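What follows is a set of notes on a single structure, which appears directly below.
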Amino acid sequence: MRKLESYLSNHFMFKFDDVSKMAKTKKLYYELYGEMEFFKRVVLNLDYARMLLLQEFQQRFSGLYDNFLWLTLLDPRFGKNATHWKSNDELRNAEENLILEVQEMTIIALEKISVVFGVILRLYV
């Protein structure tokens, strides 16, 4: 999700100011269509769409990172030493959330077990 947000945050995605610094594909599009009258209008509309998608993405997923980053600690590809952590605080926050989730799941499991044992005891008493 962070990668998608970083792509959408790229203000230069649809900028065609300096041809010498453009990526190969972008330069090809510019060479093919850059002089046509529709090009500027289409590029402007694409940039508006990018901004709208970014805004919608940020509204939709704000706070989601904090709530679910602990899941990445369970994935061997994204452990504590992975590069996706923005800061040590974010890592510590994810570790704390992991502990809280495990505690919550344990409480729920113990409650379910106590209900099952209660039913079994009533059957034998």
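The values are calculated or read from the model by the stated rules, or taken from the named source; none is laboratory data. On a predicted model such as this, the values are computed, not experimentally measured, just so you know. Here Cβ is always computed from backbone atoms with ideal geometry, including for glycine, and neighbour counts include all displayed protein chains.
The table below lists the values:
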quantity: Total residues in the stretch 75-102, condition surrounded by fewer than 10 Cβ atoms within 10 Å (Cβ to Cβ) and either assigned to a helix (DSSP H, G or I) or β-branched (Val, Ile, Thr) (or both); calculated: 5
quantity: GLU31 under 28 Å from LYS86 (Cα atoms) and surrounded by 11 or more Cβ atoms within 10 Å (Cβ to Cβ); calculated: no
quantity: Among the residues listed as PHE57, PHE38, the single one being at pLDDT 90 or above, loosely packed, with under 10 Cβ neighbours inside 10 Å and assigned to a helix (DSSP H, G or I); calculated: PHE38
quantity: Of all residues making up the stretch 68-86, the number that are of a type in the set (A, V, I, L, M) and within 14 Å of the chain's Cα centre (by Cα); calculated: 2
quantity: Selection within the stretch 1-28 - among the aliphatic types (A, V, I, L, M) and surrounded by 13 or more Cβ atoms within 10 Å (Cβ to Cβ); calculated: LEU8, MET13, MET22
quantity: Which listed residue, of VAL43, VAL119, is surrounded by fewer than 11 Cβ atoms within 10 Å (Cβ to Cβ), part of a helix (DSSP H, G or I) and not charged (D, E, K, R); calculated: VAL119
quantity: Criterion (touching a helix residue (DSSP H, G or I) at 6+ places or on another chain (Cβ under 9 Å) and either among the β-branched types (Val, Ile, Thr) or outside the structural domain of SER6 (by TED's automatic domain parsing) (or both)) met by exactly one of PHE78, PHE117, PHE39, PHE57; calculated: PHE78
